[in-house]
Amino acid sequence: MEKKVLMKGNEAIAEAAIRAGCRHYFGYPITPQTEIAAYMAKRMPKIGGTFLQAESEIAAINMVYGVASAGLRVMTSSSSPGVSLKGEGLSYLAGADLPALVVNVQRGGPGLGGIQPSQSDYFQATRGAGHGDFHMIVLAPASVQEMAELTVKAFDLADKYRMTSMLLADGTMGQMMEPVALDDLKISPMPEKPWATTGTKMERKRNIINSLSLVPEELEQFNFARYEKYAEIERTEAAAEEYRMEDAEICVAAFGIASRVSRNAVDAARELGIKVGMIRPITLWPFPAEPFKRSLSTVKKYISVELNMGQMIEDVRLATECRRPVTLCNRAGGMIPTPEQVLEAIKAAANGGEQ
Amino acid sequence: MSTTKYLFSGFGGQGILFIGKFVAYKGMIEDKQVSWLPSYGPEMRGGTASCSVIVSDNQVGSPIVSNPDVLVAMNLPSLDRFENSVVAGGTIFYDSSLIERKVARGDVKAVGIPATRLASENGFPTLANMILLGKILSDRGEFTDEGIRAALGKVISARHADMLEVNLRAMQLGANYQ
């Protein structure tokens with residue numbers, strides 16, 4: 001029989017990371033994700049791992065760079081303002097093609113903002129975490145069980161493609177408790193990393209981890225190669241959940257906590273006879289364009305539900321090639337839309353004429 | 001198919017989050033879908049603490065409880081703040097030794113119990129929350145010794161296992177209070 005425990009989302013991330021073989025955590029405390037660091041502080045010393053509270057977020061991400069270079073599973077976590085500080089390091093990790101896990105339990109912004117839940121780092125995560133041409137794999141859990149599962153998946157994908165994975169959650173997901181079946185996690189062994197700086201033992205050539213490349217012809221080739229890899233990831237790794245989409249004429253697009261709220265609204269609207277469903281992106285990069293394209297055969301209108309001023313809505317428009325109207329149903333600054341607000345948006349789409 | 005939405009509220013330090021956790025664990029043991037979401041932030045320090053708990057036969061959508069079926073208020077600011085959010089036909093449980101006024105709403109069931117006074121008089125002054133919890137469970141027809149022992153075993157860490165019996169006694173006191 002599966003054994004379930006009640007855990008906070010933040011704790012589930014930390015425990016899943018340990019089970020995935022992560023033995024090195026570097027971070028700096030910030031609400032609402034501090035439970036991750038607290039859990040690591042308690043557990044890592046007991047299992048021969050490293051927990052280190054760095055002097056800053058910038059130091060922490062550069063420590064991640066060091067351990068990733070040595071080919072070991074490593075992570076850091078923070079919340080919005082702290083992730084901005086890590087931006088330089090994220091770009092260097094990309095430039096050096098290093099696998100690592102970065103968790104962002106988002107809070108309201110911009111600036112120091114507030115501490116309540118938000119999804120306003122969508123653009124940062126999917127488009128511009130730092131300077132230069134690069135992507136991170138971005139995973140968006142919508143339950144505590146998924147916090148654990150996607151943490152494991154994030155490590156697997158990071159190693160598979162030699163790049164950074166980001167788990168993009170929010171304050172609600174981090175703080176809420178739900179039953180988790182940790183023994184159900186599928187842990188696969190870490191792949192060989194022949195590129196890692198593990199010491200040559202005078203038996204092989206030196207491995208060099210570097211993001212500096214002063215010859216533009218060469219640097220261009222590195223970028224081309226990286227984007228070929230990204231294209232493969234876009235083809236193979238995009239994931240989404242489709243909910244009540246079979247005959248949907250209205251489609252709600254929502255990820256993370258927004259999808260939890262929207263699920264109630266979709267159910268309520270279905271009871272009123274409105275043909276509505278939801279596409280919940282699980283990967284935000286790569287964005288799951290395929291289910292959106294497929295949905296065009298029945299869907300007349302899309303509603304993007306977000307805890308920000310409208311960010312994922314751009315990807316919904318791109319995925320549907322602007323062939324249908326897409327409206328925004330949102331709250332911002334740490335506020336969360338209610339199911340009633342989403343239901344009203346669905347009803348308006350069902351009753352309303354052209355947008 | 002049923003879903004019960006709870007909102008537990010009181011001062012930080014009264015054990016509000018703990019009894020919320022108990023209800024979530026009890027639901028989980030009974031194979032229900034559950035979620036527990038605390039308010040977090042500066043308001044927890046000395047001000048009002050609250051947590052949303054949902055126990056359902058179905059998958060839990062939003063974990064946020066804006067309109068509870070069951071409101072538990074352990075201080076006046078909580079009752080003032082949340083009384084009007086309770087659904088019509090819902091229930092408000094409150095600590096009548098700390099809240100002097102009555103529940104104003106006529107369309108909800110109000111159950112007051114002097115939990116803090118009973119806790120002091122019976123030698124466990126820190127367990128007013130458990131007295132109130134016992135009352136809630138008995139009122140809802142969910143008070144069975146074995147069910148409660150099982151859930152207590154989950155929420156009380158092994159380090160504090162010796163506290164199980166006294167918690168159970170406090171809950172029984174609340175359950176039997178008329």
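The values are calculated or read from the model by the stated rules, or taken from the named source; none is laboratory data. Keep in mind it's a predicted model, so treat the numbers as computed, not measured. Note that each Cβ is placed from the backbone with ideal geometry, even for glycine, and that neighbours are counted across all protein chains shown. Side chains are part of the model used for accessible areas, which takes the heavy atoms of the whole protein and leaves out ligands, DNA and RNA. Shrake-Rupley method; radii C 1.70, N 1.55, O 1.52, S 1.80 Å.
Could you point to the residue in A:333, B:112, A:255 farthest towards the positive end of the protein assembly as shown's charge dipole, with +1 and -1 charges on the Cβ of Lys/Arg and Asp/Glu respectively?
Farthest along the dipole direction, towards plus: B:112.
For an R0 of 35 angstrom, estimate the FRET efficiency from the Cβ-Cβ distance between residue B:59 and residue A:235 and round to the nearest 0.05.
Working: r = 31 Å, r/R0 = 0.88.
Approximately 0.70, to the nearest 0.05.
Zone of residue A:54 (label point 7 Å along Cα→Cβ, backbone N under 14 Å): which residues in region A:158-193?
Within reach of a label on residue A:54: no residues.
Efficiency by 1/(1 + (r/R0)^6): what FRET value for residue A:127 and residue A:290, r their Cβ-Cβ distance, R0 = 25 Å, to the nearest 0.05?
Here the calculated transfer efficiency is 0.80.
Rank by packing, highest mean first: peptides A:6-18, A:313-325, with packing defined as the count of other Cβ atoms within 10 Å averaged across residues.
Numbers: A:6-18: 26.1, A:313-325: 16.8.
My ranking of the peptides, most packed first, is A:6-18, A:313-325.
Roughly what % antiparallel, to the nearest 5, for the DSSP beta bridges in chain A? Provide the component values of the computation, followed by the final result.
Details: 11 of 44 bridges.
Of all bridge pairs located within chain A, approximately 25 percent are antiparallel.
For residue B:165, tell me the accessible area in Å² from a 1.4 Å probe, rounded to the nearest 10.
90 Å²
Could you sort A:197, A:164 by their accessible area in this structure, using a 1.4 Å probe and putting the largest first?
Values: A:197 60, A:164 5 Å².
If we order A:197, A:164 from most to least accessible, we get A:197, A:164.
Could you sort A:195, A:285 by their accessible area in this structure, using a 1.4 Å probe and putting the largest first?
Details: A:195 40, A:285 15 Å².
Ranked from most to least accessible, the order is A:195, A:285.
Please report Rg (one decimal) and Dmax (integer) in Å for the Cα set of chain B.
Spelled out, the Cα radius of gyration and Dmax of chain B are 15.0, 45 Å.
Tell me, what % of the accessible area of the protein assembly as shown is carbon and sulfur with a 1.4 angstrom probe? Display every interim value, and only then the final one.
Numbers: 11730 of 22400 Å².
Solvent-exposed carbon and sulfur of the protein assembly as shown make up 52 percent of the total.
How much FRET efficiency would the formula 1/(1 + (r/R0)^6) give for residue A:348 and residue B:31, where r is the Cβ-Cβ distance and R0 is 41 Å, rounded to 0.05?
Calculated transfer efficiency: 0.60.
Report the label-to-label distance for residue B:168 and residue A:214 in nanometres (one decimal), using points 7 Å from each Cα along the Cα→Cβ vector.
Result: 7.6 nm between the two label points.
What is the mean number of Cβ atoms from other protein chains located within 10 Å of the Cβ atom of each residue in peptide B:172-178, rounded to a whole number?
Values: counts 0, 0, 0, 0, 0, 0, 0.
Mean shielding count: 0.
In debye, nearest 20, what is the charge dipole magnitude of region A:5-236 about its Cα centre with +1 on Lys and Arg Cβ and -1 on Asp and Glu Cβ, if you could check?
Details: 22 positive and 25 negative charges, 136 e Å.
Roughly 660 debye for region A:5-236.
Give the shape of region A:82-150 as rounded, prolate or oblate, defined through the alpha-carbon gyration tensor: a ≥ b ≥ c are the square roots of its eigenvalues, a/c under 1.5 means rounded, and otherwise the shape is prolate if a/b is larger than b/c and oblate if not.
On the way: a/c = 2.19, a/b = 1.21, b/c = 1.81.
Oblate is the answer for region A:82-150, as a/c is 1.5 or above yet b/c matches or exceeds a/b.
Step through the residues of region A:36-52 one at a time and calculate ³J(HN,Hα) from phi using the Karplus curve (6.51 cos²θ - 1.76 cosθ + 1.60, θ = phi - 60°), rounding each to whole Hz and writing x for Gly and Pro.
5, 5, 4, 5, 5, 4, 6, 8, 4, x, 7, 10, x, x, 10, 10, 9
Round to a whole angstrom and tell me the spacing of the C-alpha centers of region A:250-275 and region B:42-115.
27 Å
List, in the order given, every pair from A:160/A:201; A:186/A:229; A:4/B:21; A:293/A:347; B:26/B:109; A:8/B:21 whose Cα-Cα distance in the structure shown is over 19 Å.
Numbers: A:160/A:201 26 Å; A:186/A:229 25 Å; A:4/B:21 15 Å; A:293/A:347 23 Å; B:26/B:109 23 Å; A:8/B:21 11 Å.
From A:160/A:201; A:186/A:229; A:4/B:21; A:293/A:347; B:26/B:109; A:8/B:21, over 19 Å: A:160/A:201; A:186/A:229; A:293/A:347; B:26/B:109.
Taking each residue of A:264-276 in turn, how many C-beta atoms of other protein chains fall within 10 Å of its C-beta, and what is the average? Intermediate values should be presented prior to the final figure.
Numbers: counts 4, 2, 1, 3, 1, 0, 0, 0, 0, 0, 0, 0, 0.
Mean shielding count: 1.
Out of every Cα pair in the protein assembly as shown, what percent are spaced more than 29 Å from each other? Don't jump to the answer; show the numbers that get you there.
Working: 78548 of 141778 pairs.
Summing the P(r) of the protein assembly as shown above 29 Å gives 55 percent of all pairs.
If you count the DSSP beta bridges with both ends in region B:27-178, what percent of them are antiparallel, to the nearest 5? Can you show the working numbers first?
Numbers: 6 of 15 bridges.
In region B:27-178, DSSP labels about 40 percent of beta bridges as antiparallel.
How are the Cα pair distances of region A:241-351 distributed, in percent, across 5 Å bins from 0?
P(r) over region A:241-351, rounded to whole percents: 2, 14, 28, 27, 20, 7, 1, 0.
So if I place +1 on the C-beta of Lys and Arg and -1 on the C-beta of Asp and Glu, and nothing else carries charge, what would the dipole magnitude of region A:51-152 be about its Cα centre? I want it in debye, nearest 20. Display every interim value, and only then the final one.
Values: 4 positive and 8 negative charges, 19 e Å.
So the dipole magnitude of region A:51-152 works out to roughly 80 debye.
Give me the accessible area per residue for the protein assembly as shown, probe 1.4 Å, as a whole number in Å². The partial results should precede the final answer.
Values: 22400 Å² over 533 residues.
Value for the protein assembly as shown: 42 Å² per residue.
Quick one: order A:52, B:7 from most to least accessible surface, probe 1.4 Å. Write out the running numbers ahead of the final one.
Working: A:52 65, B:7 5 Å².
Ranked list, largest accessible area first: A:52, B:7.
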